[in-house]
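Everything on this sheet refers to the single structure shown next.
The values are calculated or read from the model by the stated rules, or taken from the named source; none is laboratory data. This is a predicted model, so every value here is computed, not measured. All Cβ positions, even for glycine, are placed from backbone atoms using ideal geometry, and neighbour counts span all protein chains on display.
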Amino acid sequence: MRVHCTFTGAFMSTPNANSAPHALPGSLTEPPRLLLVGGKGGVGKTTFATASAIRLADTFPTEKFLLVSTDPAHSVADCLRPAPTDPEPIADVPANLQIVEFDAGQSHKRFMDEHMARFKELAQRGTFLDGEDIDGFLKLSLPGLDELMAFLQIAVWAYDGRYRTIIVDTAPTGHTLRLLQMPEFFQQWMGAIDAMMAKHRYMAQLFSRRNRTPDELEQFLAGLQETFTSAHELLTDPARCRFVPVFLAEAMSIAETDDLVRKLSELGVPHRETFCNRVIPAASGPLLQAVAARQLSLLADLPPALRPAPGKAEIWYLPLQENEPTGVTRLRRVWSDLQPPDALTARLAARVPADALPPLPEPPSLVHGAIPLPDDRARLILLAGKGGVGKTTIACSLAHRLASGDGNQPPRRVLLVSVDPAHSMADCLAGPVGPAPRKLADNLWGMELDAAAEFEQLRDLYREELQEFLENLMGGADLAMDREAMESLLDLAPPGIDEVMAMVRVVELLDGNAYDTVVLDTAPTGHLLRLLELPELADQWLATIFKILLKYKNILKLPTATAKLIQISKGAKRLRSMLTDGASAHLIPVSIPTEMALSECRDLVQACNNAHVSVPALVLNQVAWVEIGVRPSALLSALMEREGSAIVEYSHSFPALPMAVVLRHGPPRGLQALGRLGAALFSARLPHSAGTTGEAA
């Protein structure tokens, strides 16, 4: 059996006839004040968020709407841009729809420029920190500021009532949950500030002869508190807020969405409808029909949190489209193609039982154009890309390949690490993986790094040593105000400092010489780009801490915590050196053949070039195929034409980069399947140039 992949051609367009009006989800017929669209990376969040915003603006032309992207790797503009070969007429965005791709860095700068004087005054009222001390903390730019500043800005927009609905295209799951937890973080931060102000309030009240009123600074803090309190009330109000999860009928996507929905329930964030994207329609040909049967099997056995329930939860599904839904015209059509909950119920009732499913077709040659296996100088290898492109699968397969070795390279001791806040490695490996290294096979260990726990350990160490020091210094005297203020020092770190600790922990594991190589399964592109900045950011944060500890060295002696901070500082410098030396660290982008993924891949490679991070090869995943001699269905033919055009664009965009093409197949779960993929994908030989001949055979 031979496999044919079309690597040339234009998009195939099959315009839909005007269809009868469809039922629509409640979030569009009775729109809330705040509509958040989220889920695992790559499931189509941006498509649904943008299509929702356009639909609402069309339906309520006299009202104003706001579409805001909080994903650092924005793709709303790419979603609105029609494909170059798209024959559809170009339509404009409705005039009553404003679109913002949120820039957390600029927002943070504006916020600090406006309020820095207030925070310095606040510091001067504190018990031991002065304006210079607090200035160092407030000028830091750390990954968690993306979520903090986005939450604060959305809260302000919602509070002023200018928009009928704010539609939020969120970052992938892990970072979206952190955004939703901002009220909790803010309460902790306000607790630290309150501890600093306690002595000032006490002294002011003590020497005041009458009841004092809050001054301007206290009113400012009270205003911030009111903004966050109002935003929290909005997030938990079913009449004004709704979160719409988007997922794919794939095991890993379902598992992550189950975690998301359960966490939404814990946080009290309302959600009712869920969108299942890219469900293969009936009569789509042998390859796609086999995949469709497995999709329906998964949808029939959803976890309890995702199962439809009358009046409580419902699943709408969008069939896999022949044409990528980009451009306003195609985004408007999403709603005529969207299938209501009873349509899914009907398909599930008619599905083939799981034990009668036909075998899923497997191409005899899964990979075309294998890429070089990194040599033994590579200590750190990062797999990166847009959410949903298969980073975890490729990372696991590479780790297995390195641990197994081949005729040209001996086996290496490999540690496979996930630093994505929404871990999916255990699902891919079909076995448990925890926060400590766990042996998976000969020469192969795996772990899902708990970034929050890494920082919490440092916080606990600092507080315990501080408490012991103060008790010994004062012989048990009560210095409650001073103790609380000093204990709150690390609480002033913005959310996201945990990611600094996680990356430094990776370096420590490497330097311990228990492993030859660490393979890193990273967070989706936007947050990975922030992670690449962490060595420098860690230096900034640690320098601020050291400056304070040095200033107060005569009264504040914390040798163990200080030694730990010095260790972290050395690890950050080591990481920065490793990332930029060109031999010790490599970043391998993983992408899929779509226009939006290509745009994001270009940004990622350019960012790596700017940061002097080595990019030795590219993996292009999930490519459609058909057996030679088999007539493809119209849908499969359209997919192959669309993806062929995209592959040609990849080869033009990265002409000097070795590229491997991985065909669509059953998800490789478990070490045996991952080993087969790794052996096919990574070779010690130099590959031929993929995607330039028009055909792979």
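Kindly provide the set of residues from region 579-590 that are surrounded by fewer than 21 Cβ atoms within 10 Å (Cβ to Cβ) and assigned to a helix (DSSP H, G or I), ordered by number.
Selection gives 580 alone.
Given region 1-112, what helices (runs of 4 or more DSSP H) lie entirely inside it while holding 1 or more residues that are in the same structural domain as residue 337 (by TED's automatic domain parsing), surrounded by fewer than 22 Cβ atoms within 10 Å (Cβ to Cβ) and modelled with pLDDT of 95 or more?
Of the helices (runs of 4 or more DSSP H) lying wholly inside region 1-112, those with at least 1 residues that are in the same structural domain as residue 337 (by TED's automatic domain parsing), surrounded by fewer than 22 Cβ atoms within 10 Å (Cβ to Cβ) and modelled with pLDDT of 95 or more span 45-59.
Counting just the residues of region 629-681 that are more than 28 Å from the chain's Cα centre (by Cα) and part of a loop (DSSP other than H, G, I, E, B), which one comes out modelled with the lowest pLDDT?
Filtering region 629-681 for residues that are more than 28 Å from the chain's Cα centre (by Cα) and part of a loop (DSSP other than H, G, I, E, B), the one modelled with the lowest pLDDT comes out as 629.
Does residue 343 satisfy the criteria of being outside the structural domain of residue 589 (by TED's automatic domain parsing), at pLDDT 80 or above and in contact with a strand residue (DSSP E or B) (Cβ under 9 Å, 6 or more places away or on another chain)?
Answer is yes for this residue.
Scanning region 432-448 for residues that are part of a strand (DSSP E or B) and in contact with a helix residue (DSSP H, G or I) (Cβ under 8 Å, 6 or more places away or on another chain), which turns out nearest to residue 413 (Cα to Cα)?
Ranking the qualifying residues of region 432-448, first place goes to 444.
Filter region 598-628 down to the residues that are over 21 Å from the mean Cα position of the chain (by Cα) and under 30 Å from residue 289 (Cβ atoms), then identify the one that is modelled with the highest pLDDT.
Checked region 598-628; the qualifying residue modelled with the highest pLDDT is 623.
If you take the residues of region 394-407 that are in contact with a strand residue (DSSP E or B) (Cβ under 9 Å, 6 or more places away or on another chain) and surrounded by fewer than 24 Cβ atoms within 10 Å (Cβ to Cβ), which of them is modelled with the lowest pLDDT?
Of all residues in region 394-407, those in contact with a strand residue (DSSP E or B) (Cβ under 9 Å, 6 or more places away or on another chain) come to 394-404, 406.
Subsequent filtering for residues that are surrounded by fewer than 24 Cβ atoms within 10 Å (Cβ to Cβ) retains 404, 406.
Numbers: 404: 91, 406: 74.
Going through the qualifying residues, I end up with 406.
How many of the residues in region 318-331 are surrounded by fewer than 22 Cβ atoms within 10 Å (Cβ to Cβ) and among the hydroxyl-bearing types (Ser, Thr, Tyr)?
1
Determine, yes or no, whether residue 595 is modelled with pLDDT under 85 and closer than 18 Å to residue 82 by Cα.
Yes; evaluated as a whole, the condition is true for this residue.
Looking only at region 591-624, how many residues end up being in contact with a strand residue (DSSP E or B) (Cβ under 8 Å, 6 or more places away or on another chain) and part of a helix (DSSP H, G or I)?
Number satisfying all stated conditions: 7.
Just to be sure, is residue 162 touching a Gly at 6+ places or on another chain (Cβ under 9 Å) and either at pLDDT below 75 or outside any helix (DSSP H, G or I) (or both)?
When the stated conditions are applied, residue 162 does not pass them.
Rundown of residues vs (1) modelled with pLDDT under 90; (2) of a type in the set (D, E, K, R), yes/no style:
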{"position": "256", "(1), (2)": "yes, yes"}
{"position": "279", "(1), (2)": "no, no"}
{"position": "284", "(1), (2)": "yes, no"}
{"position": "291", "(1), (2)": "yes, no"}
{"position": "305", "(1), (2)": "yes, no"}
{"position": "311", "(1), (2)": "yes, no"}
{"position": "356", "(1), (2)": "yes, no"}
{"position": "361", "(1), (2)": "yes, no"}
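Got a sec? Which of 325, 374, 319 is farther than 22 Å from residue 253 by Cβ and either over 29 Å from the mean Cα position of the chain (by Cα) or not acidic (Asp, Glu) (or both)? Write out each step before concluding.
Numbers: 325 fails: farther than 22 Å from residue 253 by Cβ; 319 fails: farther than 22 Å from residue 253 by Cβ.
Being farther than 22 Å from residue 253 by Cβ and either over 29 Å from the mean Cα position of the chain (by Cα) or not acidic (Asp, Glu) (or both) holds for just one of 325, 374, 319, which is 374.
Does residue 296 satisfy being touching a Lys or Arg at 6+ places or on another chain (Cβ under 6 Å) and modelled with pLDDT of 85 or more?
In short, yes.
Could you pull out the residue among 304, 308 that is without any contact (Cβ under 8 Å) to a residue 40 or more places away in the chain and touching a Pro at 6+ places or on another chain (Cβ under 8 Å)?
One residue alone meets the criteria, 308.
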